[in-house]
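The values are calculated or read from the model by the stated rules, or taken from the named source; none is laboratory data. This one's a predicted model, so the numbers in the text were calculated from it and none came from an experiment. Side chains are part of the model used for accessible areas, which takes the heavy atoms of the whole protein and leaves out ligands, DNA and RNA. Shrake-Rupley method; radii C 1.70, N 1.55, O 1.52, S 1.80 Å.
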Amino acid sequence: MRYIFDVVKFALPHFLFFEEDIPIKELQTNNEIRDREVRLIGSEGQQLGIVSAHEAQRMADDEGLDLVKISPNAVPPVCKIMDYSKYKYEQTKKEKEMRRNQKTIEVKEVWLSMTIDIGDLNTKAKIAAKFLADGNKVKATIRMRGRQQAYAHQGVEVMAKFAELLQSVAKIDKQPNVEGRNISMVLSPVVGK
């Protein structure tokens, strides 16, 4: 059933689905903390020293806040008195902001032919330069038809001319390569341009 949902989700536009909940690392809170002693940090960030877990829980209850184990691997574990629901909300907000600011690199494809004229090649190079200026990678592809497969070296020469036209804005990630009926090459933007 999950496979069918994934296929449907892949086929439909992304805006039709609700944003999935961002998983947050769950921390031990309140009565889940079973350690004998903990290093306690107060709600204002002050160090309260090493106290028993029962005493730390009592102090958190007196302030009306939660006792949260923030560093379980320390000896003794570090716990802090805080409002855990507010902390989870702020973490979710930070992760959403980081995801929003993250730049995804797309691979745009430009189709060429073995018999392409220099004017058309220049036009395709301008289109590819726009893609590269946006920070995307460009995959240039030539599909060989019929007897063109016997002259694959001519297609590689066309790819070399295409890369030469874009040498000021792109570098070659994957050299022109013959894969069955296709010749493909991948270009990426030059850093700092």
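Between the amide H of D83 and those of D66, distances stay under 5 Å, these residues lying 5 or more places away or on another chain, with hydrogens modeled in the peptide plane. Using only alpha carbon pairs under 8 Å that are at least six residues apart, calculate the relative contact order of the chain and give it in whole percent. Relative contact order comes out at 14 percent. Take the residue pairs K96/K171; K69/K94; K80/K103; K96/K174 and return only those whose Cα atoms are more than 23 Å apart. Among K96/K171; K69/K94; K80/K103; K96/K174, the Cα-Cα distance tops 23 Å for K96/K171; K80/K103; K96/K174.
Candidates (1) 60, 19, 15; (2) 38, 21, 15; (3) 26, 21, 15; which is the computed semi-axes √(5λ) of the Cα gyration tensor in Å? Working out semi-axes √(5λ) of the Cα gyration tensor in Å from the coordinates points to (1).
Legend: residues R34, R143, R181, sorted from most to least accessible area (1.4 Å probe; ligands, DNA and RNA excluded), read R34, R181, R143. Over the chain, dividing the summed -39,500 (n - 2.57) contributions of all DSSP H runs of at least 4 residues by the number of residues returns a 222 nm mean residue ellipticity of -11500 deg cm²/dmol. Looking at the range 47-176, the accessible area is 66 square angstrom per residue; that uses a 1.4 Å probe and ignores ligands, DNA and RNA.
Here the accessible area of the chain is 52 percent carbon and sulfur, with a 1.4 angstrom probe and all protein chains present.
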